[in-house]
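Student: Below are the structure tokens for one structure; questions will follow.
The values are calculated or read from the model by the stated rules, or taken from the named source; none is laboratory data. Because the structure is predicted, anything quoted here is derived from the model rather than measured. Ideal geometry is used to build each Cβ from the backbone, glycine not excepted, and the neighbour counts take in all protein chains shown.
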Amino acid sequence: MRSNRFGTRFAGRWLLCCGLAAAMSVASAADRPADSYQHGTKYSPLEQINRSNVAKLELAWEYHTGDLPPKDLRNTLMAFEDEPSLIDGNLVICTTSRRLIALDPQTGKQRWVFDPQDPKLGMRKCRGVAHWVDPQAAEGAACKSRIFLGTANYRLMAIDARTGRSCEDFGDHGQVQMTISKPQLFPGEVVATSNPAVVSGVVVVGSAVADDQRVDAPSGRVLAFDARTGKPRWQFDPVPRDPADPAMKTWANGTEGYGAGNVWSSMAVDEAHDLVYLPTTSPSSDFYGGGRAGDNRYSTAVVALRGSTGQLVWDQQIVHHNIFDYDVPTEPMLIDLPQPGGSTVPALVQNTKMGLIFVFNRLTGEPLVPIVERPVPTAGAVPGEVPSPTQPFPQGMPTLAPQSFGPDDAWGFSAIDRWLCRRKIERYDPSTIYLPPSAKGTIFSPSVGGGPNWGGGAYDPDSHIMVVPSNRVPTVVTLIPRAQAKLSDDQAIESGGVMIFKNLGAPYVPQIEPLLSPAGAPCSAPPWAALTAVDLVTHKIVWEVPLGSIEKMMPVHLPWHIDMDFDLGTPGAGGPLLTAGGLVFIGYTLDDTLRAFDLHTGKVLWKADLPAAGTAVPVTYEVGGEQYIVIPAGGHSMYHSTLGDSVVAYKLKH
């Protein structure tokens with residue numbers, strides 16, 4: 001199922017990819033610290049596998065879920081983005097159909113399967129589950145240890161972690177049918193694909209609201225339920241509805257008729273302080289905000305709520321009046337940040353699609369890295385649009401993606417390719433970050449898909465290094481007057497990498513495409529994806545390397561006469577795992593490879609071929625005296641990657 005055309009991979013719909021699978025790492029099969037996944041650091045204290053012996057890793061086992069892609073992928077987004085979770089001695093996998101499969105973590109043999117009977121809708125993915133142990137239940141009682149799962153038809157399910165059976169005392173025989181604020185345009189307009197969060201005995205659920213289908217999109221409200229009974233506890237709408245809410249002042253014409261602002265990524269939890277952190281997204285619609293003038297507070301923000309009650313504690317907006325699809329795509333990362341004098345402060349680090357790194361005191365919301373409001377361009381905005389004249393920028397932090405793109409940045413494999421790219425770029429205004437989308441066409445650099453995206457970063461508490469992958473290929477966004485747009489009954493039209501959305505209720509229809517040459521290669525210089533290590537204390541880049549090789553993507557008949565390495569980077573999806581062994585493990589790329597990088601130098605110390613693209617996040621655990629590295633390898637249809645149904649585990653040779 002591998003494409004043999006170099007351009008096809010880049011012209012795929014990777015540019016709109018979103019979501020997150022935060023890696024969980026554990027010390028042993030019986031010890032699952034909440035910090036490993038609730039704090040979003042993707043760090044493991046295990047060090048049996050380290051820089052001195054990682055080259056001795058070999059395949060331990062491979063498991064096939066049976067969730068193979070359909071022959072016809074039209075109108076289907078299929079991505080194996082799960083983060084396997086080690087729970088009560090089982091390695092729990094969530095497949096693209098949201099079946100839960102418990103495996104023996106040493107052998108990969110199947111122990112139990114739970115099938116939620118989810119409908120086969122357009123979005124087939126599962127970004128993980130949540131786990132909770134009921135402190136009031138007797139030892140050995142059914143569902144004392146339970147798994148929470150969201151579904152495509154917007155249910156929340158509770159499953160016994162030991163047996164894989166429904167928890168009958170939760171909701172209606174193990175499930176709660178969550179409500180959507182208005183009738184859906186189509187089944188799956190609102191889905192629950194990312195892992196829920198559990199805090200103070202409350203399970204909190206976000207949602208993915210289909211992009212650019214209509215201005216009056218369903219609400220992206222976050223719902224919370226009693227983790228024991230399934231009874232509703234509270235809800236929070238990132239698009240405020242109460243006239244007395246101070247945030248309403250940032251919506252000049254009110255919020256009636258607008259939705260989304262949802263949390264499609266993973267939330268972070270500070271259990272000790274009863275706090276849950278929401279990374280919110282843009283309100284409807286993504287690229288046209290006419291009618292919702294103002295900053296649109298709570299959307300595209302980090303919002304801290306009291307977990308037990310849903311009370312707002314603090315919020316910090318990342319993008320004002322978002323008309324760029326610059327969602328907050330990554331799980332907030334909770335760390336103890338060193339301060340001068342040897343003390344630490346409880347911090348929240350937020351990576352963004354723009355490649356900007358924000359750092360806040362996670363208890364108060366106070367910026368720990370100063371934020372300045374800088375003027376940004378507003379020229380070229382379509383009639384009716386009122387872009388924000390300023391945007392927040394963290395001062396003194398490095399950026400993780402190029403912040404502009406123009407004719408002088410044109411690149412090509414040959415002189416003619418570069419010339420054609422330059423001509424294409426000259427059709428648009430020279431791009432700088434936050435240039436509004438226009439009828440002429442606007443180059444977005446960073447891309448609408450990032451920069452960093454849902455996979456986020458990983459953090460080492462000893463060196464204070466954060467490692468983050470990012471995409472580097474710009475996109476072009478054009479707002480087409482509705483009367484001139486070619487539309488169909490499909491949710492979106494996709495052809496040759498160009499996507500057009502309905503955007504009902506708006507005078508403009510967005511068209512999004514990667515910036516490619518006629519040959520299908522990026523018009524931007526490589527690397528087309530990078531892995532960057534940043535010291536969060538000194539605010540310096542420690543190293544940066546290309547992420548991915550194009551060697552496997554080149555047509556066999558095309559000779560390679562250019563004097564350069566194949567490691568030019570490939571756009572992709574997923575995130576890193578960082579271990580105390582001084583290693584960074586990451587799949588991400590379209591070359592079907594799992595790599596181990598040296599945390600301190602960025603050098604590749606080991607790599608292995610995968611049966612499909614590892615567009616997920618590796619996890620690690622130790623059981624039976626051996627450390628394992630595990631990654632789902634099933635690919636991502638939006639990136640036109642190799643697809644499959646594998647879960648692959650590695651351990652050291654004896």
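Student: Kindly list, by first and then second residue, each pair from a residue in region 573-596 that is touching a residue at least 24 places away in the same chain (Cβ under 8 Å) to a residue that is acidic (D, E), limited to pairs with Cβ atoms under 6 Å and residues at least 6 apart or on different chains.
Tutor: That search, which allows pairs on different chains as well, returns L578/D460; A580/E47; G581/E47.
Student: Under 7 Å between Cβ atoms, at least 6 apart or on separate chains: pull out the pairs that start in region 42-59 with a residue that is on the phi > 0 side of the Ramachandran plot and assigned by TED's automatic domain parsing to the domain that holds L599 and end on any residue that is outside any strand (DSSP E or B) and crowded, with 16+ Cβ neighbours inside 10 Å.
Tutor: K42/A22; K42/A23; K42/G575; K42/V617
Student: Here is a further query. Within region 111-142, how many residues are surrounded by 14 or more Cβ atoms within 10 Å (Cβ to Cβ) and not charged (D, E, K, R)?
Tutor: Qualifying residue count for the region: 16.
Student: Are any residues in region 99-123 modelled with pLDDT under 95 and either touching an Asp or Glu at 6+ places or on another chain (Cβ under 8 Å) or small (G, A, S) (or both), and if so, which ones?
Tutor: Once the filter is applied, which keeps residues that are modelled with pLDDT under 95 and either touching an Asp or Glu at 6+ places or on another chain (Cβ under 8 Å) or small (G, A, S) (or both), region 99-123 yields only G122.
Student: So which residues in region 162-180 are touching a Gly at 6+ places or on another chain (Cβ under 7 Å) and not charged (D, E, K, R)?
Tutor: Hits for region 162-180 are S166, C167, F170, G171, V176.
Student: Could you check region 331-409 for strands (runs of 3 or more DSSP E) lying wholly inside it with 2 or more residues that are crowded, with 16+ Cβ neighbours inside 10 Å?
Tutor: Working: elements: 333-338, 344-351, 357-361, 371-375, 390-394.
Result: 333-338, 344-351, 357-361, 390-394.
Student: Now a separate question. For residues that are touching a Ser or Thr at 6+ places or on another chain (Cβ under 8 Å) and farther than 20 Å from K540 by Cβ, tally how many sit in region 354-377.
Tutor: The qualifying residues number 5.
Student: Ok, one more. Look at region 266-312 and say how many of its residues are in a loop (DSSP other than H, G, I, E, B) and among the hydrophobic types (A, V, I, L, M, F, W, C).
Tutor: 3
Student: Specify the residue that is farthest from V537 (Cα to Cα); the eligible residues are those in region 459-474 that are of a type in the set (S, T, Y) and out of contact with any Leu (no Cβ under 6 Å at 6 or more places or on another chain).
Tutor: Among residues in region 459-474 that are of a type in the set (S, T, Y) and out of contact with any Leu (no Cβ under 6 Å at 6 or more places or on another chain), the one farthest from V537 (Cα to Cα) is Y459.
Student: Any residue at all in region 256-271 that's at pLDDT 95 or above and either among the β-branched types (V, I, T) or assigned by TED's automatic domain parsing to the domain that holds S470 (or both)?
Tutor: Yes.
Student: Can I ask one more? Please verify whether region 393-400 includes one or more residues that are closer than 30 Å to S517 by Cα and touching a His at 6+ places or on another chain (Cβ under 7 Å).
Tutor: There is at least one residue in region 393-400 that is closer than 30 Å to S517 by Cα and touching a His at 6+ places or on another chain (Cβ under 7 Å).
Student: Examine region 448-457 for a residue that is farther than 30 Å from S44 by Cβ and of a type outside the set (D, E, K, R), and state whether such a residue exists.
Tutor: Yes, there is a match, as at least one residue in region 448-457 is farther than 30 Å from S44 by Cβ and of a type outside the set (D, E, K, R).
Student: Continuing with the same structure: For region 140-164, which residues satisfy the criterion of being in a loop (DSSP other than H, G, I, E, B) and touching a Pro at 6+ places or on another chain (Cβ under 8 Å)?
Tutor: Listed by number, the residues that qualify are T151, A152, N153.
Student: Only one residue in G294, G257 is under 24 Å from L435 (Cα atoms) and of a type outside the set (D, E, K, R), so which one is that?
Tutor: G294
Student: Which residues, taken from region 458-506, are at pLDDT below 85 and acidic (D, E)?
Tutor: Within region 458-506, D489, D490, E494 meet the criteria.
Student: V648 passes all but one of (1) surrounded by fewer than 22 Cβ atoms within 10 Å (Cβ to Cβ); (2) in contact (Cβ under 8 Å) with a residue 60 or more places away in the chain; (3) over 23 Å from W528 (Cβ atoms); which number fails?
Tutor: Just one mismatch for V648, condition (1).
Student: Taking region 410-437 on its own, how many of its residues are touching a strand residue (DSSP E or B) at 6+ places or on another chain (Cβ under 9 Å), among the hydroxyl-bearing types (S, T, Y) and either surrounded by fewer than 17 Cβ atoms within 10 Å (Cβ to Cβ) or modelled with pLDDT of 95 or more (or both)?
Tutor: Going through region 410-437 one residue at a time, the tally reaches 2.
Student: Condition check: buried (at least 24 other Cβ atoms within 10 Å of the Cβ) and either in contact with a His (Cβ under 7 Å, 6 or more places away or on another chain) or over 25 Å from W132 (Cβ atoms) (or both). Does S266 satisfy that?
Tutor: So S266 fails the test.
Student: When you scan region 265-292, how many residues do you find that are under 18 Å from V382 (Cα atoms), of a type in the set (D, E) and out of contact with any Asp or Glu (no Cβ under 9 Å at 6 or more places or on another chain)?
Tutor: 0
Student: Now for a separate question. Output the number of residues of region 597-641 satisfying the condition of being touching a residue at least 40 places away in the same chain (Cβ under 8 Å), surrounded by fewer than 22 Cβ atoms within 10 Å (Cβ to Cβ) and on the phi > 0 side of the Ramachandran plot.
Tutor: Selection size over region 597-641: 2.
Student: Residues to consider are I180, I159, I147; find the one that is without any contact (Cβ under 8 Å) to a residue 40 or more places away in the chain and touching a Phe, Trp or Tyr at 6+ places or on another chain (Cβ under 9 Å). Full working, then the answer.
Tutor: Details: I159 fails: without any contact (Cβ under 8 Å) to a residue 40 or more places away in the chain; I147 fails: without any contact (Cβ under 8 Å) to a residue 40 or more places away in the chain.
Step by step, each of I180, I159, I147 is checked, and only I180 is without any contact (Cβ under 8 Å) to a residue 40 or more places away in the chain and touching a Phe, Trp or Tyr at 6+ places or on another chain (Cβ under 9 Å).
Student: Still on this model: Kindly indicate whether T579 is of a type in the set (S, T, N, Q) and touching a strand residue (DSSP E or B) at 6+ places or on another chain (Cβ under 6 Å). Spell out the reasoning first.
Tutor: On the way: of a type in the set (S, T, N, Q): yes; touching a strand residue (DSSP E or B) at 6+ places or on another chain (Cβ under 6 Å): yes.
Answer is yes for this residue.
Student: Any idea which of V630, V623, V604, V648 is at pLDDT 95 or above and under 21 Å from the mean Cα position of the chain (by Cα)? Break it down stepwise before answering.
Tutor: Working: V623 fails: under 21 Å from the mean Cα position of the chain (by Cα); V604 fails: under 21 Å from the mean Cα position of the chain (by Cα); V648 fails: under 21 Å from the mean Cα position of the chain (by Cα).
When all the criteria are applied, what remains is V630.
Student: What strands (runs of 3 or more DSSP E) lie completely within region 49-139 and have 2 or more residues being under 30 Å from D169 (Cβ atoms)?
Tutor: 85-87, 90-94, 100-103, 110-114, 130-133
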